[in-house]
Structures are given as structure tokens and as C-alpha cells.
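Novice: Here you go, one structure.
Just so you know, all these numbers are worked out from the coordinates, no wet-lab data involved. Every value quoted in this text rests on a predicted model; they were computed, and no experiment measured them. Please note: Cβ atoms are built from the backbone with ideal geometry, for glycine as well, and neighbour counts cover all protein chains shown.
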Amino acid sequence: MNLKGTLPTLILEILAQEPSHGYRIAQRIKQSSDGLLDFKEGTLYPALHKLENEGSVESYEGIENGRARRYYRITRSGRKALNEDRAEWQQLSRAVTMILGEAQ
Amino acid sequence: MTTSLDRWLNQAVKRLSQDSADLVRREIQEHYDSAREAALQQGIDPQQADLMALQALGDPCAANRQYRKVLLTSSEARVLRQSDAESRLICSNGWAKWVLLSTPGTLLLISAISLAMHQSKLALGVLVLSVLMTLFFIVPLLPIYTPGKGRIFRVIKWAMMIGSIVVLFGPDGWNWAWLNTCCLYPVIYMEWKRMMIRRKLPISRWPKQLYL
């Protein structure tokens, strides 16, 4: 299933739970959606950099299994953006469900 | 398979600045290693694991298009390096500094004298020159260090530049549009590049010239 612009919101949601690196973020999105949301992992990092440019996430160097990794964590403005995205998504979802429900 | 990853990376970092390319290479390499390790732990043979890790990354050209929207390209990095040229020129030596800083004032004085001598066209031309020199040589020294002040300054700068053209050419302005566009092209190009850079760099990493 195509993510169609929702990838930044999903990334923020994953990072709101705990700081993480790119590979783990990609796996968490796939696992949490039971594999329904599939995307090319090469596009994850541009989305992360965009969020970093906007100040929604920040990166830092971390170590995992003795290997240096670039970790990302959500910022205060990122949490605010996530809350707004959640509310917007719920409204959109409710509206689409109403229309599709009427059509049945 | 490492060569396949290298090919993927070479495609993905095309036209990116050296720093951006290094960042992309590092994070994609980390990602690839993790994906490969996970596949190997599942008992998949090494060759297949390499292939799966590479396929999961997707199309390098699509990734490159997205990277170029969020990371500095080589041309933007060049603009960033060179865009403090006015400040460097002013600060290069004391003599040049005082000549460049006093010229707009001198031109303003000449303009006033010309006006007093009823040479209104000459006065207008010299006045416009004085305004443009002020914009390019004095303003980089002003304490503009916040995005808000920067935005106000840019509005004033463009209003003054367009105003100068209107004042200089009057109703014939449209007839000389081609000349004005040619003359303003470097300024417009620089402004456009700076706008792109502002979107890509967090404010905490903006150098002074990005506010202007």
C-alpha cells in the first residue's frame, strides 16, 4: 500500500515512542502495519532530513552493537506537529468513512 | 554486491554537495548493513541477503530526486561559500572598506548638489546608484540576525530595487525589461538559491548572508 505523504507523520509517531535510527524506523512502520504499509527504504532518509530541517526531529550519534549509528529523536515542535497531523488524519478518516458508508 | 551498492549510492548522491553526499553514503551504508545482517540471521544466503537489502532501498534516481529537495546540492553549497563576497570585499582591507562605505554618502551628496543645480535627471541617476550601493555594500554590516528581520530586509531590498528601475526608466520601463532582466539575473539567481538553502538548513546553521 502506498504511503502517499503520510510517511513524515508515521516517522514522528515512531520517534514519539523512543529515539531510533533509520533502519529500525523502517522496520517498525512495516511491523506495526502488519506489512501493509510498504515503502522503498531509500526514501525514508530524505523524509527524515526534511523533518530535521523543519526542526521536528534532531539527530545525534549513538552506538548500537559496537557500531556508530545516526539516531533521531523527536523535538517539542515535532510533538506539536504530530498532534496536529493526528487530529487532521482523524478528521479526514471520519469524512472518508462517512462518504464510503453512504455509498454502500 | 558491494559494487551494486556503490552504483546505487553514486546515482543517489548525484549533484549533491560533498558534505551531503558523505552523509547519504554513511546512512545508506549503515541501513544496508543492518538489513543484510537481519537477512543473514534469518538463514538467508549471503548473496540473496545482499540482493534483498539493495532491493529494499528502491530506485536510486527517485531517492536522488528526494535528497536534492532536502539536502544541499553542489551548486547551492557553492553559492553558500561565495555569497559573502560583498562582506569579504568590504572587510578585505581598511582602505577598500572606507571607500565602499563612504561612496553611497558621497553619491547622495552629489545627487543633492545636482538637484540644487537643476540637473534633475543626473540627480535621479546618482540617487539610484547611491541606493543600490547602500543595499549591496552597507547592509551586510547591519545586525540582521533573525529570520523576521531578514524577511523585512528582503522585502525592503526588492522594493528598493524595483523602485530604482521604475525611477530610472519611468514609463519606458517595459521597453527596457529585457535589459533589466539581464542585469538582475545574477541577483535573482542568487536570491532563488538562497531561498532554497534557507529551506534546507536549520536556522541554527544559517550564516549571516542567509538572513539578507
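Novice: Restricting things to alpha carbons, tell me how big segment B:1-48 is in terms of Rg and Dmax, in Å.
Specialist: Over segment B:1-48's Cα set, Rg and Dmax evaluate to 12.5, 39 Å.
Novice: Still on this model: For the protein assembly as shown, with the dipole built from +1 on Lys and Arg beta-carbon atoms and -1 on Asp and Glu ones, taken about the Cα centre, which of A:LEU7, B:SER4, B:VAL126 lies farthest toward the positive end?
Specialist: Ranked along the dipole, the leading option is B:VAL126.
Novice: Next question. Using the Karplus equation 6.51 cos²θ - 1.76 cosθ + 1.60 (θ = phi - 60°), what ³J(HN,Hα) coupling, rounded to whole Hz, does each residue of segment B:202-210 give in order, writing x for Gly and Pro?
Specialist: My calculation for segment B:202-210 gives x, 4, 4, 9, 6, x, 3, 5, 6 Hz in order.
Novice: A further question on this structure: Looking only at B:THR73, B:THR181, B:THR134, which one moves most when chain B is put into a Gaussian network model with springs between Cα atoms under 10 Å?
Specialist: Maximum fluctuation in the GNM of chain B, among the listed residues, is at B:THR181.
Novice: To continue, here is another question. Report the charge-dipole magnitude of chain A in Debye, nearest 20, computed about the Cα centre from +1 at each Lys and Arg Cβ and -1 at each Asp and Glu Cβ.
Specialist: 200 debye
Novice: Could you run the Karplus curve 6.51 cos²θ - 1.76 cosθ + 1.60 with θ = phi - 60° over segment B:29-34 and give me ³J(HN,Hα) per residue in whole Hz, x for Gly and Pro?
Specialist: For segment B:29-34, the Karplus curve yields 4, 4, 5, 4, 4, 5 Hz.
Novice: Sticking with this structure for a sec: Would you compute, from DSSP H runs of 4+ residues alone, the mean residue ellipticity of chain B at 222 nm, taking -39500 (n - 2.57) per run and dividing by the full residue count, rounded to the nearest 500?
Specialist: My calculation for chain B gives -25000 deg cm²/dmol from helical runs alone.
Novice: Anyone know which of B:ASN180, B:ASN64, B:ASN93 comes out most mobile in the 10 Å Cα GNM of chain B?
Specialist: Comparing B:ASN180, B:ASN64, B:ASN93 in the GNM, the peak value goes to B:ASN93.
Novice: So what's the gap between the Cα centers of segment B:161-204 and segment B:37-53, to the nearest angstrom?
Specialist: That distance is 54 Å.
Novice: Then there is this: Count the lysine pairs in chain A whose Cα atoms lie under 17 Å apart, taking only pairs 8 or more positions apart in sequence or on different chains.
Specialist: 6
Novice: Write down the Kirkwood hydrodynamic radius of the protein assembly as shown, to one decimal in angstroms, obtained as one divided by the mean of 1/r over all alpha carbon pairs.
Specialist: About 23.7 Å for the protein assembly as shown.
Novice: Tell me the Kirkwood radius of segment B:120-168: reciprocal of the mean inverse pair distance over distinct alpha-carbon atoms, in Å.
Specialist: 11.6 Å
Novice: Just tell me how shielded A:44-51 is by partners: mean number of partner chain Cβ atoms within 10 Å of each residue's Cβ, no decimals.
Specialist: 6
Novice: Provide a whole-number value for the mean count of partner chain Cβ atoms within 10 Å of the Cβ atoms in peptide B:60-72.
Specialist: Whole-number average of other-chain Cβ neighbours for B:60-72 is 4.
Novice: Also, quick follow-up: Can you run phi through the Karplus equation (6.51, -1.76, 1.60; θ = phi - 60°) for segment B:157-168 and list ³J(HN,Hα) in whole Hz, with x for Gly and Pro?
Specialist: For segment B:157-168, the Karplus curve yields 4, 5, 4, 5, 5, 5, x, 4, 5, 4, 5, 5 Hz.
Novice: Further question: Can you give the angle from 0 to 90° between the axis of helix B:2-12 and the longest principal axis of chain B, with both taken from C-alpha atoms, to the nearest 10?
Specialist: Value to nearest ten degrees: 30.
Novice: Rounded to a whole number of µm²/s, how large is the Stokes-Einstein D of chain A at 25 °C and 0.890 mPa s, given Rh as the Kirkwood radius over C-alpha pairs?
Specialist: In µm²/s, the coefficient rounds to 166.
Novice: Right, something else. For segment B:101-212, with the dipole built from +1 on Lys and Arg beta-carbon atoms and -1 on Asp and Glu ones, taken about the Cα centre, which of B:PRO202, B:ALA112, B:ILE188 lies farthest toward the positive end?
Specialist: B:PRO202
Novice: Using just the C-alpha positions of segment A:10-52 as equal point scatterers, what log10 of I(q)/I(0) does the Debye formula give at each q in 0.19, 0.20, 0.22, 0.23 1/Å?
Specialist: Computed log10 I(q)/I(0) values: -0.51, -0.57, -0.69, -0.76.
Novice: Say we join alpha carbon atoms closer than 10 Å with springs in a Gaussian network model of chain A; which of A:GLU64, A:GLU88, A:GLU13 then has the biggest fluctuation?
Specialist: For chain A, modelled as a Gaussian network with Cα springs under 10 Å, the answer is A:GLU64.
Novice: Restricting things to Cα coordinates, could you compute the convex hull volume per residue of segment B:1-146 in Å³?
Specialist: 157 Å³
Novice: Amide H neighbours of B:THR73 under 5 Å, counting only residues 5+ apart in sequence or on other chains, H built in-plane at 1.01 Å?
Specialist: Result for B:THR73 returns B:SER17.
Novice: For chain A, list the DSSP H helices whose alpha carbon atoms reach 20 Å or more along the long axis and whose average Kyte-Doolittle value is -1.0 or above?
Specialist: Span-like helices, by this rule, are A:76-103.
Novice: Same structure again: Compute the distance from the alpha-carbon center of segment A:20-44 to that of segment B:119-138, in whole Å.
Specialist: 59 Å
Novice: May I ask for the net charge around B:GLN55, where only other residues with Cβ less than 13 Å from the Cβ of B:GLN55 are counted and Lys, Arg are +1 while Asp, Glu are -1?
Specialist: -2
Novice: OK, next. How shielded is A:65-74 by partner chains, expressed as the average number of their Cβ atoms within 10 Å of its Cβ atoms?
Specialist: Averaged over the peptide's residues, the number is 2.
Novice: Based on C-alpha coordinates, I'd like the Rg and Dmax of segment B:142-202, in Å.
Specialist: 14.2, 43
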